[in-house]
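The values are calculated or read from the model by the stated rules, or taken from the named source; none is laboratory data. Model, not experiment: these values are computed from the prediction. Quick reminder, even Gly has a Cβ in these numbers, built from the backbone with ideal geometry, and neighbours come from all protein chains shown. Quick note on the areas: whole protein, heavy atoms, side chains included, nothing else; ligands and nucleic acids left out. Shrake-Rupley method; radii C 1.70, N 1.55, O 1.52, S 1.80 Å.
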Amino acid sequence: MQTLFSELTSFAREAGEAEITGEVRAITGITLTAVGLERVLGIGERCIVHGSDGPVHAEVVGLGSHGTELLPFGSWRGVAAGDRVEVAIGRDVIRPDESWKGRVISASATPLDGKGHLPEGNDPRPLRAAPPGAFDRKRIGPKLATHVRALDVFTPLCQGQRLGIFAGSGVGKSTLMAMLARYTDCDVVVMALVGERGREVQDFIASDLGPEGMEKAVLVVATGDEPPLTRRQAAWTAMAVAEHFRDQGQHVLLLMDSVTRFAMAQREIGLASREPPTAKGYPPTVFSELPQMLERAGPGPAGKGDITAIFTVLVDGDDMNDPIADAVRGITDGHIVLDRKIAEKGRYPAIDLLASVSRTLPDCHSDVEYTLLTAAHKALAAHADMEELIRIGAYRAGSNPELDRAIAFAGPCEAFLSQRKAEHTPPQSSFAEVAGMLDRAGISPG
């Protein structure tokens, strides 16, 4: 009996060290079907497919009676039926380190900036992790100084808050994100450029962020030409890096540009694994993945730091009711709307103050600040209601004293809201300017 037990132990040890492999059965589009691995692989696990052009890393996206379905972190070029498929262990974990600040990395946590080796820390972080429990989190913290006048006064940002920036293409999302990265009070900035144009990455780092912004930043980059798995993983990698710094007790500013491209990558993955398309072609997994990712940001557990998160949403055709925009708006703690018409007038950031909301109001402002905000908001709303009549000259000055005061306030306020990316204004100065403009327009707050 003792001999039999010894032989079984030796066999189990040898089997544990054995290489588990299957083979390629078929490739349709970007989906590869492998056989021989059905009993050892689950959804989300990794494989290496050995083709004639070299190994291709892949992820399991579907299981069925016909075999295991894989999508590549690259291209299937050179892969043929019968090629070996090997199970890969431990490739969905990264090890962030303090030395990553100031570096640019890929979705797989390899250096992209030509600065040499990227040291690994002692804190293994899974790319996909559960968010803190609802009753394990702290409450949203104090107000942050972003030094962006329109935000500090009208849509304030608090520590641990999650805010969405909604805009069409070319309206100034990236520039606003760069201003937040440069001037917001935080310990570290983690920025994910998901599906970004390749030529714009270096321009963004050199022109928008600059040395001042890069000093405390970790950039995770996946360009638009990369496979959908890589683009999706860039968002997960950035979130895992942010969680590492949060658990070190640091306050993290997470900037993700854009959530829409993350959703588009997930749409490609879902459709390739034969999910049914729903709203605008997005399969159901897109709307389950969004909250799973976005909820990982926010206030951390007691004794740890927080992740203040800004997510950009590229709205299709400037439609603010786009399915992704609608889903993100329901998850986040407020939204900033950038308007193309405002941008065309030359005012940047092109924030539509009347359409933007911060759900931390009114508690995050002092009583005096909130009174100033309310008076300014009311004057801008009155001006917006009559803007067309004013433009065509149909309104006669003096016929409505309240509107006259609103007109007197709106002009200077437009100049106040316009801010170049190199400018930064302390919140106290911004509120003092608003108080002065209201006083000169004859508007009494309160």
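One residue alone among 141, 160 is at pLDDT 90 or above and within 16 Å of the chain's Cα centre (by Cα), and that residue is 160. Listed by first and then second residue, the pairs linking a residue in the range 369-383 that is at pLDDT 95 or above to a residue that is surrounded by fewer than 18 Cβ atoms within 10 Å (Cβ to Cβ) and of a type outside the set (A, V, I, L, M), with Cβ atoms under 7 Å apart and 6 or more places separating them unless they lie on different chains, are 370/362; 371/445; 371/446; 372/445; 375/445.
Residues are listed down the side, and each one gets a yes or a no for (1) open to solvent by less than 60 Å² (accessible area, probe 1.4 Å); (2) closer than 30 Å to residue 414 by Cα; (3) at pLDDT 95 or above; (4) among the β-branched types (Val, Ile, Thr):
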{"residue": "272", "(1), (2), (3), (4)": "yes, no, no, no"}
{"residue": "279", "(1), (2), (3), (4)": "yes, no, no, no"}
{"residue": "284", "(1), (2), (3), (4)": "no, no, no, no"}
{"residue": "294", "(1), (2), (3), (4)": "yes, no, yes, no"}
{"residue": "303", "(1), (2), (3), (4)": "no, no, no, no"}
{"residue": "314", "(1), (2), (3), (4)": "yes, yes, no, no"}
{"residue": "324", "(1), (2), (3), (4)": "yes, no, no, yes"}
{"residue": "327", "(1), (2), (3), (4)": "yes, no, no, no"}
{"residue": "341", "(1), (2), (3), (4)": "no, yes, no, no"}
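Across the range 234-260, the number of residues qualifying as over 17 Å from residue 311 (Cβ atoms) and either assigned to a helix (DSSP H, G or I) or hydroxyl-bearing (Ser, Thr, Tyr) (or both) comes to 3.
Within this structure, residue 220 passes the test of being more than 21 Å from residue 316 (Cβ to Cβ), open to solvent by less than 10 Å² (accessible area, probe 1.4 Å), touching a strand residue (DSSP E or B) at 6+ places or on another chain (Cβ under 8 Å) and assigned to a strand (DSSP E or B). Residues that are open to solvent by 50 Å² or more (accessible area, probe 1.4 Å) and closer than 25 Å to residue 344 by Cβ do not occur anywhere in the range 435-446. Considering only residues in the range 178-209 that are in a helix (DSSP H, G or I) and in contact with a helix residue (DSSP H, G or I) (Cβ under 7 Å, 6 or more places away or on another chain), the one that is surrounded by the fewest Cβ atoms within 10 Å (Cβ to Cβ) turns out to be 208. Between 268, 243, 275, the distinction of being of a type in the set (Asp, Glu), within 21 Å of residue 316 (Cβ to Cβ) and under 19 Å from the mean Cα position of the chain (by Cα) belongs to 268 only. Residue pairs whose Cβ atoms lie under 8 Å apart, separated by 6 or more positions or on different chains, with the first residue in the range 152-177 and farther than 20 Å from residue 359 by Cβ and the second among the aromatic types (Phe, Trp, Tyr) and not in a loop (DSSP other than H, G, I, E, B), are 174/204. Per the listing 420, 391, the residue uniquely open to solvent by 40 Å² or more (accessible area, probe 1.4 Å), basic (Lys, Arg) and within 34 Å of the chain's Cα centre (by Cα) is 420. Residues in the range 436-446 include at least one that is over 26 Å from residue 142 (Cα atoms), within 37 Å of the chain's Cα centre (by Cα) and hydrophobic (A, V, I, L, M, F, W, C). Could you list, in sequence order, all residues of the range 149-177 that are open to solvent by less than 10 Å² (accessible area, probe 1.4 Å), assigned to a loop (DSSP other than H, G, I, E, B) and touching a helix residue (DSSP H, G or I) at 6+ places or on another chain (Cβ under 9 Å)? Within the range 149-177, 156, 168, 171 qualify. The residues listed here are 363, 322, 326; of these, the one that is under 30 Å from residue 423 (Cβ atoms) and not β-branched (Val, Ile, Thr) is 363.
Here residue 408 fulfils each of the conditions (1) among the small types (Gly, Ala, Ser); (2) more than 30 Å from residue 312 (Cα to Cα); (3) surrounded by 21 or more Cβ atoms within 10 Å (Cβ to Cβ); (4) out of contact with any His (no Cβ under 8 Å at 6 or more places or on another chain) apart from (3).
Of the residues making up the range 169-214, just one is aromatic (Phe, Trp, Tyr) and more than 14 Å from residue 104 (Cβ to Cβ), namely 183. Can you confirm whether the range 244-264 contains a residue that is touching a Pro at 6+ places or on another chain (Cβ under 8 Å), crowded, with 24+ Cβ neighbours inside 10 Å and small (Gly, Ala, Ser)? Within the range 244-264 (the criterion being touching a Pro at 6+ places or on another chain (Cβ under 8 Å), crowded, with 24+ Cβ neighbours inside 10 Å and small (Gly, Ala, Ser)), the answer is no, since none of the residues qualifies. Answer yes or no as to whether residue 229 is crowded, with 22+ Cβ neighbours inside 10 Å, closer than 24 Å to residue 64 by Cα and out of contact with any Ser or Thr (no Cβ under 8 Å at 6 or more places or on another chain). Criteria met by residue 229.
Of note, residue 319 does not satisfy the criterion of being within 17 Å of the chain's Cα centre (by Cα) and either open to solvent by 20 Å² or more (accessible area, probe 1.4 Å) or among the acidic types (Asp, Glu) (or both). Among the residues in the range 365-381, are any polar (S, T, N, Q) and open to solvent by 60 Å² or more (accessible area, probe 1.4 Å)? Looking for residues that are polar (S, T, N, Q) and open to solvent by 60 Å² or more (accessible area, probe 1.4 Å), one finds at least one in the range 365-381, hence yes.
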